[in-house]
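Here the structure comes first, spelled out in structure tokens, and everything after it is commentary.
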Amino acid sequence: MRRIVALVSAAACSLTSLDDLGAGGDASLDAAPSDAIACDADTNGDPHNCGTCGHDCCGGACAMGQCQPLVLASQQAQPAWVVADATHVYWQLDATSFQFPSPPTDVMRVRVDGTGLEVFASQRAIFRGIQSDGTRILWLEASLDLQPFFRVAWIDKTATVGDAGAQVQFVPAFDPNASSAVMRGFFVDTTTMYWFGNSSTECPGFSACVFFAQTSNLGARTVIQAKASPYNIAIDSADTDYIYPWTVSNEIVRLSKKPVDGGLPSDVIVSTSDAGGVSITAVDDTTLYFTDTSAGTIYSMPKVPDAGSPKPFATLQNVPGTVVATQGAVYWANTDGIVSCPASGCPDGPDKPRVIVAEKGISDFAITPSCFYYANPQSGTIKVVGR
């Protein structure tokens, strides 16, 4: 699952996927810690068995059975768009605005133990954040050479990093199949990249369209029909049939991953006439989740058309941000920290999710099987805490 990134927030807080999403982590998100095996440990203070046997604090301390966040990097200027895997954490600096042209910024990385902080990509005009397909860090890069356009850029995670960062690669700058004046956002999983635009020349017969291409061949795109340009796209890698864009018409729709010639029409799942104002979306194997930031509510509903009205999943949330849905739990950020509830619902009531990190200012996070990695622009830090 990818996390889904909010384009309406002050910082990068996804879709995903973001998942990874995004979100952010590249590994499966469903292998949560378990206390099924007993241990001879002080679960109040053992950082490898904190609160319960097998609950590791990912390098941080354990105090009174609670994992404590560990700072991996400090003095970072407005960090956001966090991506994490088994060895490194990646993020973008100065990622709090969506200006065009995008001011040059850096992509940073650090090892998961907090060593080896370095510039991974130097002075890039990144538009709406970084993502990962598992082997690369990718982004849309704005350029004003000859004419305004966006191109797909990336760095292999195994690339050698020099004084100015690793060598950036591109789809050929003016390749009409992968560089565009109308690209407005993109989302990737391990095999496919999706992006969208609203040009009559690039979307013949449509007012807007969604493209996709295999990550192994980004120069060969296919057009999927869309009624309106999406703000973001929720993707479940395990869902082989559909993606779920949220459009400028304030509708969440279902689009086939396997379009026929001429594209397929979109199925509307929910619109603002049904429930509030959509902000951020995420999906798991059965359920669509979306936030209404102004109402402080996260809604859930089956991810199929004509499934009825959405129901409140979490309420009284102060500016709910990044949402990550796994097959067993839903995680999100709010102004007070990172919280979660089981996918079946919050056991203590929708207004009382489980608090994972109590810290104001968190903008974005990524999940791996054991850890949360998150950015705090207010303190200029990247931190980790046990999941």
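The values are calculated or read from the model by the stated rules, or taken from the named source; none is laboratory data. In this text, all values refer to a predicted model and were calculated from it rather than measured experimentally. So basically every Cβ, Gly included, is an ideal-geometry build from the backbone, and we count neighbours across all protein chains shown.
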Checklist entry - Restricted to the stretch 71-90, and to residues that are more than 19 Å from residue 386 (Cα to Cα) and buried (at least 24 other Cβ atoms within 10 Å of the Cβ), which residue is nearest to the chain's Cα centre (by Cα)? => result 81
Item to check | Unique match (being in a strand (DSSP E or B), touching a Pro at 6+ places or on another chain (Cβ under 8 Å), modelled with pLDDT of 80 or more and of a type in the set (A, V, I, L, M)) among 233, 155 | outcome: 233
Next on the checklist: Let me spell it out: the conditions are (1) within 20 Å of residue 231 (Cα to Cα); (2) of a type in the set (Val, Ile, Thr); (3) in contact with an Asp or Glu (Cβ under 7 Å, 6 or more places away or on another chain), and residue 297 meets all of them except one. Which number is the exception?
Outcome noted: (3)
Checklist entry - Just wondering, is there one or more residues in the stretch 281-291 that are closer than 24 Å to residue 321 by Cα and at pLDDT below 80? => result no
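Anything in the stretch 112-133 that is among the β-branched types (Val, Ile, Thr) and either assigned to a strand (DSSP E or B) or buried (at least 23 other Cβ atoms within 10 Å of the Cβ) (or both)? List them, or say none.
119, 126, 130
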Checklist entry - So, in the stretch 249-280, of the ones that are modelled with pLDDT of 60 or more and of a type in the set (Asp, Glu), which residue ends up nearest to residue 305 (Cα to Cα)? => result 267
Next on the checklist: Let me confirm something: among 136, 109, which residue is surrounded by 20 or more Cβ atoms within 10 Å (Cβ to Cβ), within 19 Å of residue 367 (Cα to Cα) and within 20 Å of the chain's Cα centre (by Cα)?
Outcome noted: 109
Checklist entry - Residues in the stretch 160-178: is at least one in contact with a strand residue (DSSP E or B) (Cβ under 7 Å, 6 or more places away or on another chain), at pLDDT below 70 and buried (at least 22 other Cβ atoms within 10 Å of the Cβ)? => result yes
Checklist entry - Only one of these conditions is not met by residue 71: (1) aliphatic (A, V, I, L, M); (2) at pLDDT 50 or above; (3) under 26 Å from residue 188 (Cα atoms); (4) part of a strand (DSSP E or B). Which number is it? => result (3)
Item to check | Residue count, the stretch 316-333 (criterion: surrounded by fewer than 19 Cβ atoms within 10 Å (Cβ to Cβ) and within 19 Å of residue 375 (Cα to Cα)) | outcome: 2
Checklist entry - Does the stretch 309-317 contain any residue that is modelled with pLDDT of 90 or more and of a type in the set (A, V, I, L, M)? => result yes
Next on the checklist: Just to be sure I understand, how many residues within the stretch 329-387 are part of a strand (DSSP E or B), more than 22 Å from residue 109 (Cα to Cα) and of a type in the set (S, T, N, Q)?
Outcome noted: 2
Item to check | Residue match in the stretch 91-99 (condition: modelled with pLDDT of 95 or more and either small (Gly, Ala, Ser) or over 20 Å from the mean Cα position of the chain (by Cα) (or both)) | outcome: no
Checklist entry - Can you name the number of the only condition in (1) in contact with a Lys or Arg (Cβ under 8 Å, 6 or more places away or on another chain); (2) assigned to a strand (DSSP E or B); (3) over 29 Å from residue 86 (Cβ atoms); (4) of a type in the set (Val, Ile, Thr) that residue 304 fails? => result (2)
